[in-house]
Every structure is written in C-alpha cells, then in structure tokens.
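Visitor: After the structure tokens below, expect a handful of questions from me.
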Amino acid sequence: MRAGGDWLAAWPCPAAVARMTAAVELDQVSCVFGSGPGAVRAVDGVDLAIDAGEFFTLLGPSGSGKTTCLRMIGGFTLPTAGRIRIGGADVTAAPPYARPVNTVFQDYALFPHMSIRDNVAYPLMVRKVGKAERARRADELLALVQLPGVADRRPAQLSGGQRQRVALARALIGQPQVLLLDEPLGALDLKLREQMQSELKALQRRLGITFLFITHDQHEALSMSDRIGVFNAGRLEQVGTPQAVYDTPATRFVAHFVGAANVLEGEIARRLTGHAAAMLRPERIRLGESRDARAAGTVAEVQYFGAFTRVKVDVGGALLQADLPTSPGHAPPPAGSEAHLHWDGRAVHALAG
C-alpha cells in the first residue's frame, strides 16, 4: 500500500507515536441505560489506556459492552460516570465532530447516490475543502486501500470487500488520531475476511495511527492485535498481548472464550494437574502409549476440522479434548477405543479459585 501525497506523510510514523501520550484513556467509565430495577449497566467501571500507534482490540460476546465502550469514545453515547481522554484532552462531554476520531461501521453507511470518489471525499466537503483538493486526496486514499479505477462507480457496483475499503478510506481522509472500527469485517465471507485482516494490519503499520477494533471473533483478535481487552458483562476481564491472553488467561471466562480449552475444576483438576482449577489447551495434548500417560480413558467423539482432528476422551469425570494434526495415513482413534493422553506439565495454566 502506498500513497503519493504529502498530506498523508504528515501522519505520525510509528517511531514518533511511541513518544506521544496515550491515545485513549478511560478512567472508571460506566454507562447505565435506564433507571430503577430495569436499568442495564452496559459498561461497569472500566479503566483502560491505549497506546498511541497501537492496534488494540476489544473482544467479547454480543452484549458484553465492547460496542458501547467504542460509542462512548466516539462521542455517540455519553458515559454515566468516569472520564474519557483522547491524546491527553478530556473529551467526556464533547460531541463526535469535536473529537479527533472517526468510525468505520459494520454496514459501511455509504451514500448510494454518490460516486465512490464523492463518498470518500464527503468529510472534506463538509469542511469546505475545495473540490479539486478533495478529489485528489480521495483518489490517493483509494490507491492506498487498493481500489484504483473505481472512483466513478456507485457503491452498488462494488463487492462487499470493496465497499469495506471505501468506508475505510472515507474514515481516514480526515486524518483522525484514532480510528474506531466496529466489527467492520463481520459481513464478509471467511476468505475475504482473512485477506482484509492482513490488509488492515498492514495499513495501520503504514500510517502509524491508533486503531481501536471491535470484534467477537477470537481469531480476528489474536491475528491482528498488539493487545487485546476481553470484555464480559460490562467489565474488562483481562488486557494483554494475544499470546498472554491465550496462554495465561486471567479468568475462567477468558479461558473458555479465547480459543478452545479444557477447563478443569475440583477433584478432577487436582488429580490431573495438581491445581484446584486449571486450563489445558487441546493442541497441547497428544496421544501415545500407556507408559507415562497423564490420563487414560475412552474416546467419546471424533471431529474432523481439516488441518486437525479433535478427539474427545472420557477420562472418568471429564471430557478432555485433544487436537491432533491431520496427517495422511495416520487415522485418529475411533470412538469407543482406549486412549492415553500426554502433555508437558508446563502446558497447564492454573486458574484463580
């Protein structure tokens, strides 16, 4: 991805943003909808600092509060309590147009009667930038998002992936300090979504600005993010790098939600791991001979996923999942057969009581 205009070069490079203040700060931010017994606490006392130039993802199930959090940062929803700062400035009560942010929505919100060029240039038209200048900038951004040659078309003439790129270009043309992305890839098919994940990350690195990405897709979050904040019931359960969130989840919810996991508790956990509660990822379990096996049981179910086969083994008190690499000529054990499970003790992660 490239662009030829000097105005794009004015954006901070990654080395420069590292010296700036935090891009976004939330200080005990809460949002309550309604009042009385029926009130809904959508966001509950969230503290968060997002670094300048960071690709940060809020991950969580539907209704967990992540989109409400994004809407408060964008100014579309006001917090019930707490403070919001962007680039060090308090914007808690500021309207959306007074904040140095822009948003890419899942439905793209393109104007169907406008050309692609005019859609992208619309924010500059509102600012009364001259027609020639806004057309030049729009064309440069269309080249940046790999859409040269479509400027004169209408949104209905583009594919879903192309419309997503147009929405991204329109959000970037005003050079926001922070770009908010509200599940922008949710409407795309799997192959295109994976392609756009790679392109979004490359674009963020190229421009060096802060991306705040919202998703319920764990694979999306793990593959794109510098850090992840996992939301549940209005609260942040954990903030950390993708590897930290995956390997060392702070809570049972994070262990269950981020990736497949064997979460063991009570007597079975103590017997197999030595902990009162523990997590063991399925891909870290292998099948082998009875000698030195950590557990043994009966194969209850076999599921084929292409790259791997998931074998569920009843070990007398729990079903342990083991993800085995698919290999030609090596069939997994059939249901009903005996299986011996092995794992490195370092693969076990103890969970809080």
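The values are calculated or read from the model by the stated rules, or taken from the named source; none is laboratory data. Please read all numbers here as calculations on a predicted model, not as lab measurements. Because the Cβ atoms are built from the backbone with ideal geometry, glycine has one as well, and the counts that use them run over all protein chains shown. The area values use the complete protein model at the heavy-atom level, side chains included, leaving out ligands, DNA and RNA. Shrake-Rupley method; radii C 1.70, N 1.55, O 1.52, S 1.80 Å.
Visitor: Can you say whether residue 19 is open to solvent by 70 Å² or more (accessible area, probe 1.4 Å), more than 21 Å from residue 205 (Cβ to Cβ) and either basic (Lys, Arg) or modelled with pLDDT of 95 or more (or both), as far as the supplied structure shows?
Guide: Answer is no for this residue.
To keep it simple, each residue is scored yes or no on (1) open to solvent by 20 Å² or more (accessible area, probe 1.4 Å); (2) touching a residue at least 40 places away in the same chain (Cβ under 8 Å).
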{"position": "76", "(1), (2)": "yes, no"}
{"position": "88", "(1), (2)": "yes, yes"}
{"position": "100", "(1), (2)": "yes, yes"}
{"position": "104", "(1), (2)": "no, yes"}
{"position": "117", "(1), (2)": "yes, no"}
{"position": "125", "(1), (2)": "yes, no"}
{"position": "130", "(1), (2)": "yes, no"}
{"position": "143", "(1), (2)": "yes, yes"}
{"position": "149", "(1), (2)": "yes, no"}
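Visitor: Kindly indicate whether residue 321 is outside any loop (DSSP other than H, G, I, E, B), without any contact (Cβ under 8 Å) to a residue 24 or more places away in the chain and under 23 Å from residue 259 (Cβ atoms).
Guide: no
Visitor: Small (Gly, Ala, Ser), touching a strand residue (DSSP E or B) at 6+ places or on another chain (Cβ under 6 Å) and either open to solvent by 10 Å² or more (accessible area, probe 1.4 Å) or on the phi > 0 side of the Ramachandran plot (or both): is that true of residue 234 in this structure?
Guide: yes
Visitor: I would also like to ask the following. Go through region 83-93 and give me each residue that's in contact with a Lys or Arg (Cβ under 7 Å, 6 or more places away or on another chain) and either among the aliphatic types (A, V, I, L, M) or in a helix (DSSP H, G or I) (or both).
Guide: 86, 91
Visitor: Taking region 237-270, which residues are of a type in the set (A, V, I, L, M) and part of a helix (DSSP H, G or I)?
Guide: 244, 245, 254, 255, 268, 269
Visitor: Still on this structure, please answer the following. Give region 39-82 a look and list any residue that's among the β-branched types (Val, Ile, Thr) and either in a strand (DSSP E or B) or touching a helix residue (DSSP H, G or I) at 6+ places or on another chain (Cβ under 7 Å) (or both), or say none.
Guide: 40, 43, 46, 50, 57, 77
This table checks each residue for (1) of a type in the set (Val, Ile, Thr); (2) touching a Pro at 6+ places or on another chain (Cβ under 8 Å); (3) open to solvent by less than 60 Å² (accessible area, probe 1.4 Å); (4) modelled with pLDDT of 95 or more.
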| site | (1), (2), (3), (4) |
| --- | --- |
| 249 | no, no, yes, yes |
| 252 | no, no, no, no |
| 259 | no, no, yes, no |
| 273 | yes, no, yes, no |
| 284 | no, no, no, yes |
| 289 | no, no, no, no |
| 328 | no, no, no, no |
| 346 | no, no, no, no |
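Visitor: Within region 28-38, how many residues turn out to be assigned to a strand (DSSP E or B) and either surrounded by fewer than 17 Cβ atoms within 10 Å (Cβ to Cβ) or aromatic (Phe, Trp, Tyr) (or both)?
Guide: Qualifying residue count for the region: 3.
Visitor: Of the conditions (1) assigned to a helix (DSSP H, G or I); (2) open to solvent by less than 80 Å² (accessible area, probe 1.4 Å); (3) more than 23 Å from residue 212 (Cβ to Cβ), residue 156 satisfies every one except a single condition; which number is it?
Guide: (2)
Visitor: Residue 297: of a type in the set (Gly, Ala, Ser) and open to solvent by 30 Å² or more (accessible area, probe 1.4 Å), yes or no? Even if it seems obvious, please write down each step before you answer.
Guide: Details: of a type in the set (Gly, Ala, Ser): yes; open to solvent by 30 Å² or more (accessible area, probe 1.4 Å): no.
Answer is no for this residue.
Visitor: Oh, and also: Looking only at residues in region 177-226 that are of a type in the set (Ser, Thr, Tyr) and either part of a helix (DSSP H, G or I) or open to solvent by 30 Å² or more (accessible area, probe 1.4 Å) (or both), which one is modelled with the lowest pLDDT?
Guide: 198
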